[in-house]
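Written below as structure tokens is the structure these notes are about.
The values are calculated or read from the model by the stated rules, or taken from the named source; none is laboratory data. This is a predicted model, so every value here is computed, not measured. Keep in mind that these areas ignore ligands, DNA and RNA; they rest on the heavy atoms of the full protein, side chains included. Shrake-Rupley method; radii C 1.70, N 1.55, O 1.52, S 1.80 Å.
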Amino acid sequence: MVARSFSREIGGAVVLSSSDVWVFGEPFTPGAGLGAWHYNGRTWTQVASGHGLEGGSGLSATDIWAFDGADVAHWNGSTWSRTSVRSLLPAKQLLNDPALTGIFEQSRHSVYAIANGQLQDESGPLVILHWNGSAWSKVAGGNFGFGVLQQVSSDGHGGLWLPMPGVVGGKSYVLHYTGGHLTQTVLPASPTKINIDTLALIPGTRDVLGAGDTHNASDPGTGVVGVIAQYKF
């Protein structure tokens, strides 16, 4: 692969093959975001119809999803098309607009999107949206915290795992979604001393690997040690 340095943060990637790779911007990046860039095995190209896109999840060269603010976007092999889901998002929370923060394609007819109301300081509430192949609907929600980019993972049997890292000394936890319900999962350390930033299902199992760090209580900037944890369910 040809190395490439981008001027903005990368917030997600979809790797379909050594000659078909997408990268997307990071939410909350000051100024213009990275947008959608594609690698064809030889060169990196910024795709004009993907301007401002963030996140990213996909299963094939003609079936990739991303998001931008209150819009979900789908790549059909030639262009990005956008659909507003604003009516399904939480109400405006004082200074900030609600926005999508993650997306996960489970199958061609099952796509989940995560959104946050982004209430000032404590953030939230969080909602989960679902695409059934023809329409988007809200399937779950709750008063859960910060709207950092959600690295959503399958749980191996139809549900989802969502890492909720603590921000500015807040508590960290992991959410499990199944059957229209969201529940918190106990972490292997005090929630004020650990952050889980990303999760990934181990293929062929129901076990999940989580990556993040431990730190001094309520102070994520000191005593930091990187960790990888395995969750067995």
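Tabulated results
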read-out: Candidate aspartates and glutamates - alpha carbon under 16 Å from K171, same-chain residues fewer than 8 apart omitted; value: D121, E122, D197, D213, D219
read-out: Cα shape, segment 61-127, gyration tensor, a/c 1.5 rule; value: prolate
read-out: Per residue, in Å², the accessible surface of the chain once ligands and nucleic acids are set aside, probe 1.4 Å; value: 47 Å²
read-out: Cα gyration tensor, segment 1-92 - rounded (a/c under 1.5), prolate or oblate; value: oblate
read-out: Between segment 65-140 and segment 169-208, the Cα center-to-center distance that results, in Å; value: 20 Å
read-out: Solvent-accessible area, 1.4 Å probe, carbon plus sulfur percent, for the chain; value: 54 percent
read-out: Along principal axes, Cα extents of segment 56-99, largest first, whole Å; value: 40, 15, 14
